[in-house]
Amino acid sequence: MSGRIFRKQILPCKYRALGCTKSFLRVNNLTTHLRTCKYRKNRPPPGTKAASSRQKDASPPPPASPPHSPASDPAEFGQMGDDDSSERGHSNEHTEFHPFINGKLCDKDGNILPNDTPPPPFEYEFPKGDYYPFANRRGFELADLLYRRNQAPAQDIKDLLQIWAADLQDSPDGRSPPFADPDDLYDTIDLSKLGSVPWEAFSVEYDGELPKDRPPEPWMVEKFDVWFRDPWAVLHQQLANQDFAKEMDFTPKRVTDKHGRRRYQDFMSGNWAWRQADIIAEDPNNHDTTFVPTIFGSDKTTVSVATGQNEYYPFYMSNGLIHNNSLKPGMTTPEIVRYADGHYRRTIYGLGPYIGDYPEQVLLACCVQGWCARCTAHCNNLDGPGGRRTHEHIKAAFESMSPKQLWDEYGIVHSILPFTDGFPQANIHELLSPDLLHQLIKGTFKDHLVTWIEDYLKQTLGKKEASKILADIDRQIAVVPSFSGLCRFPEGRAYKQWTGDDSKALMKVILPAIDGHVPPGMVRTMLEPKRYGLSIHALSRSGKDYIVPKRYGLSIHACAIYQSDIAGT
């Protein structure tokens, strides 16, 4: 033993001279921080020297206005002004804020305050520096290391604690490891109250009449458990999370570049948020409030390991301010809510986009499989005439058509209304947002286009000749050389379990493999999903709108309708 004392390595942020006080023990944590450090925008341009302290004292900078907040003078609402463009790298951006749903500050009683009012201090249930329910900081950091950062298996945690206990067995002060075993670690983590919303549960079951002429369906005689966390409490904790204090928009905005072209990036910069604010502002009592749209998502999951093929429906919720029934009363009457920056604001909630794959969309829209859940175009002619689906249209169709006509002509399931019918300013057909993984990457590319090529070869050349060509395509995909950014597929495209990453990687190598085997038009069509994905990524930077043709099937049809809503076309 050398007897040397272990000393922690301290890595300060390189923007320390500009005011950042953070330091790290690991290089990768420091690297991650440097990408998002708020003091980056204050660094001098390349090739220039930082101003001396004497120069700084002689000409102090003007006080900064609160980030993502409109100007303090109400007369300036609606005018074009500078946003956080320096932080995003767009020095010529201008932002117009909504004039009425403007995120005004208020006190805890709802009285409007000036924009320069400092926030009241946060009050915590436990005193600062208290690591309850952990015995001390070491216990907290060990739990964070094993459970969150390394995600260590229970057996590894058990072995580590046993070795630790054996090493401390002969210590004179009778010390022991922070935790007795993995269960003790998990129980301590579960006792953490800060940021925790408890789980609740209830059961539902069918209480109607059972059919007499046939056996009842399984769901008619089963009881289903619903586990949930109070959406109101979850949303309040999200809005008050200080990690997002500098990453929230408290009012809808319209961001344009120097040429007057719209830029779409954060959720509140889209047209939908502005239109909803216009509707909310029709009631003068809602002026000077903050609109908080909720964003939902769900995806049916089948768990078959040791559970007997059970189906679960995970349901997720976030909010649209972050850069993305208990709520119902707050959708019409403003509620006082405290936000991450410490300020109170009068708040109006609203149901926002619902992200789900196509089967989820059909279920939520109460329409027939094979039909578009957002418009009334016939399932056999998606490019044909049709309007947007609405609750009013469905109710009118119920009164004027038979169940068979509803099913055959409009793809509507009789006597079932979407859950959004009882909420203000909410239309599920407008809120449905495409799941890019299932509808574009896997749906359009893998399930539609790749299958389309296989079917084309079999129908035009016969199964025997098509098998030879498909084998050659697989061979060319398999022999792609190793290169940065390319993924290799030793078995070609014939693998069973496709992931989203697999589909995106295959997009990069399939074009030269099919070239010469199929018409040039089909090769160009295979390029469209990749171009569309890149266009979405570059939309906020280019200012240009790109709508994919709807001829590529139902999945891309929904994506095209959704982007037309975003771009206002």
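The values are calculated or read from the model by the stated rules, or taken from the named source; none is laboratory data. Keep in mind that what you see is a predicted model, and the values were worked out from it rather than measured. No Cβ is skipped: glycine too gets one built from the backbone with ideal geometry, and neighbour counts run over all protein chains shown. SASA here: full protein model, heavy atoms, side chains in, ligands and nucleic acids out. Shrake-Rupley method; radii C 1.70, N 1.55, O 1.52, S 1.80 Å.
On the basis of being aliphatic (A, V, I, L, M), part of a loop (DSSP other than H, G, I, E, B) and more than 26 Å from L436 (Cβ to Cβ), does A340 make the cut?
Criteria met by A340.
Which residue pairs have Cβ atoms under 7 Å apart, sit 6 or more places apart or on different chains, and have a first residue in segment 198-216 that is over 30 Å from L235 (Cα atoms) and a second that is open to solvent by less than 80 Å² (accessible area, probe 1.4 Å)?
Between residues of segment 198-216 that are over 30 Å from L235 (Cα atoms) and residues that are open to solvent by less than 80 Å² (accessible area, probe 1.4 Å), the close pairs are Y206/M220; L210/P216; L210/M220.
Restricting to segment 354-388, count the residues that are in contact with a Ser or Thr (Cβ under 8 Å, 6 or more places away or on another chain) and farther than 15 Å from P434 by Cβ.
So the answer is 3.
Select, from D167, D83, D144, the only residue that is over 30 Å from D249 (Cα atoms) and either open to solvent by less than 30 Å² (accessible area, probe 1.4 Å) or at pLDDT below 90 (or both).
Criteria check complete, one pass: D167.
Can you go through V480, V450 and tell me which one is among the β-branched types (V, I, T), surrounded by 12 or more Cβ atoms within 10 Å (Cβ to Cβ) and outside any helix (DSSP H, G or I)?
V480
For A143, work out the one condition from (1) part of a loop (DSSP other than H, G, I, E, B); (2) aliphatic (A, V, I, L, M); (3) under 24 Å from Q242 (Cα atoms) it doesn't fulfil.
Result: A143 fails condition (1) only.
When the residues of segment 392-424 are filtered to those that are under 26 Å from I280 (Cβ atoms) and surrounded by 17 or more Cβ atoms within 10 Å (Cβ to Cβ), which remaining residue is nearest to the chain's Cα centre (by Cα)?
This residue is T420.
Could you list all residues from segment 234-262 that are open to solvent by less than 30 Å² (accessible area, probe 1.4 Å), out of contact with any Lys or Arg (no Cβ under 7 Å at 6 or more places or on another chain) and over 18 Å from G330 (Cβ atoms)?
A245, D249, K253
Among the residues of segment 435-478 satisfying the criterion of being within 30 Å of G356 (Cβ to Cβ) and among the aromatic types (F, W, Y), which is modelled with the highest pLDDT?
W452
So that you can scan it fast, the table gives a plain yes or no per residue for (1) among the hydrophobic types (A, V, I, L, M, F, W, C); (2) not in a helix (DSSP H, G or I):
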position	(1), (2)
A373	yes, yes
A377	yes, yes
D383	no, yes
L417	yes, yes
D421	no, no
E430	no, no
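Take the residues in segment 213-227 that are out of contact with any Phe, Trp or Tyr (no Cβ under 7 Å at 6 or more places or on another chain), part of a strand (DSSP E or B) and of a type outside the set (K, R); name whichever of them is surrounded by the most Cβ atoms within 10 Å (Cβ to Cβ).
F224
If you check P293, P231, P284, which single one turns out to be open to solvent by 30 Å² or more (accessible area, probe 1.4 Å), of a type outside the set (A, V, I, L, M, F, W, C) and touching a strand residue (DSSP E or B) at 6+ places or on another chain (Cβ under 9 Å)?
The match here is P231.
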